[in-house]
Amino acid sequence: MEKIILASSSPRRKEILNRYNLEPIIFGAQIEEKVTKGEFPEQVAMSLAFEKSFWVSKHFNKDEIIIGADTIVVLEDMILGKPKDEKDAFEILSFLSGKEHSVITGICIMKANTNIKIIDYESTIVRFRHLSKETITRYIDTKEPMDKAGAYGIQGYGQILVEKIDGCYSNVVGLPLAKLDYLLNKFFDVQIL
């Protein structure tokens, strides 16, 4: 089987792939994550996933399979990235409180040293329960929100904030497994399981 390269330093994505014995080589992309005004959120996520994969692909040349992903949280047409500080985390979580938002992960898979690439995305709807200021503050005190889009991690303490989800759970964690398996199988003849 070809080597799998994960164009991300996300411990959550690595953990997801390791669970299926893919043991990817971790090669975090050094890109500036910029958003072009007027782009749809799906375009933003796919574009950033492509940029990550493309940057990493320049460092490999033996037909390795490179997986890039970018997860964004969207509410009322606003993309909510990683919080800048605790005050920003508080504002983001207060904004999400009691509302439904979308979690969109762009995926780009390419084969190094070839022109073979596929770009797609997955979207999941997440509904937060109504959060008190105290709950938000206690959650921020765990430090969990600080490196996560939308300032929460559903796989950690953040699951207590979530009332319901509609769609792919692993997408909210950062890597939509069912979509990834489908794309790897169909276009690269690789099965995750």
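Using Cα atoms only, what is the angle between the long axis of helix 41-57 and the major principal axis of the chain, expressed in degrees (0 to 90) to the nearest 10?
Once rounded, one gets 40 degrees.
Rounded to whole Hz and in sequence order, give me ³J(HN,Hα) for region 17-27 from the Karplus expression 6.51 cos²θ - 1.76 cosθ + 1.60, θ = phi - 60°, writing x for Gly and Pro.
Once θ is set to phi - 60°, the couplings for region 17-27 become 6, 5, 4, 9, 6, 7, 6, x, 7, 8, 9 Hz.
Can you list residues from other chains, or at least 5 along the same chain, whose modelled amide H is less than 5 Å from the amide H of residue 64?
For residue 64, whose amide H was placed from the backbone, the distant partners under 5 Å are 112.
Looking only at Cα atoms, what is the convex hull volume of region 1-86 per residue, in Å³?
Output value, Cα hull per residue: 120 Å³.
Could you name the lysines in cross-link range of residue 52, using Cα to Cα under 23 Å and dropping any fewer than eight places away on the same chain?
3, 14, 34, 37, 62, 82, 84, 111, 117, 148, 179, 186
How large is the dipole of the chain about the Cα centre if only Lys and Arg carry +1 and Asp and Glu carry -1, each at its Cβ, rounded to the nearest 20 debye? Don't skip to the end; give the middle numbers.
Working: 25 positive and 28 negative charges, 50 e Å.
The dipole magnitude comes to about 240 debye.
Cβ under 14 Å from residue 80's Cβ, residue 80 left aside: what net charge do those residues give with Lys, Arg +1 and Asp, Glu -1?
Values: positive: 82, 84, 99, 148; negative: 33, 70, 76, 77, 88, 91, 100, 147.
After counting each charged neighbour, the total is -4.
Quick one: with all protein chains in place, what share of the accessible area of the chain is carbon or sulfur, to the nearest percent (1.4 Å probe)? Could the numbers behind the result be given before it?
Details: 5010 of 10110 Å².
Here carbon and sulfur together make up 50 percent of the probe-accessible area.
Which one, 136, 184, 124, is farthest towards the positive end of the dipole of the chain when Lys and Arg carry +1 and Asp and Glu -1 on their Cβ?
184
Which aspartates and glutamates have a Cα less than 14 Å from the Cα of residue 133, not counting those fewer than 8 places away in the same chain?
Result set, ordered by chain and number: 86, 88, 91, 141.
Report, in degrees rounded to the nearest 10, the 0 to 90 angle that the Cα long axis of helix 177-188 makes with the longest principal axis of the chain.
Helix 177-188 sits roughly 20 degrees off the main axis of the chain.
Which of rounded, prolate, oblate describes region 4-188, given a ≥ b ≥ c as roots of the alpha-carbon gyration tensor eigenvalues and a/c under 1.5 marking rounded, otherwise prolate only if a/b is larger than b/c? Walk me through the intermediate numbers first.
Working: a/c = 1.97, a/b = 1.86, b/c = 1.06.
Verdict is prolate for region 4-188.
Over the chain, what is the percentage of antiparallel beta bridges among all DSSP beta bridges, to the nearest 5? Could the numbers behind the result be given before it?
Working: 28 of 33 bridges.
For the chain, the DSSP antiparallel bridge percentage is about 85.
Would you mind getting the accessible area per residue of the chain, heavy atoms of the protein chains only, 1.4 Å probe, in Å²? Present the calculation step by step, with values, prior to reporting the outcome.
On the way: 10110 Å² over 193 residues.
On a per-residue basis, 52 Å².
Taking only Cα atoms, what is the 0 to 90° angle, nearest 10, from helix 86-96's long axis to the longest principal axis of the chain?
90
Counting alpha carbon pairs within less than 8 Å and at least 6 residues apart, what relative contact order, in whole percent, applies to region 71-193? List each step's numbers first, then the result.
On the way: 213 pairs, mean separation 34.8, N = 123.
Reported as a whole number, the value is 28 percent.
The values are calculated or read from the model by the stated rules, or taken from the named source; none is laboratory data. Fair warning: this is a prediction, and the values are worked out from it, not measured in the lab. Please note: Cβ atoms are built from the backbone with ideal geometry, for glycine as well, and neighbour counts cover all protein chains shown. Heavy atoms of the whole protein, side chains included, go into the accessibility calculation; ligands, DNA and RNA do not. Shrake-Rupley method; radii C 1.70, N 1.55, O 1.52, S 1.80 Å.
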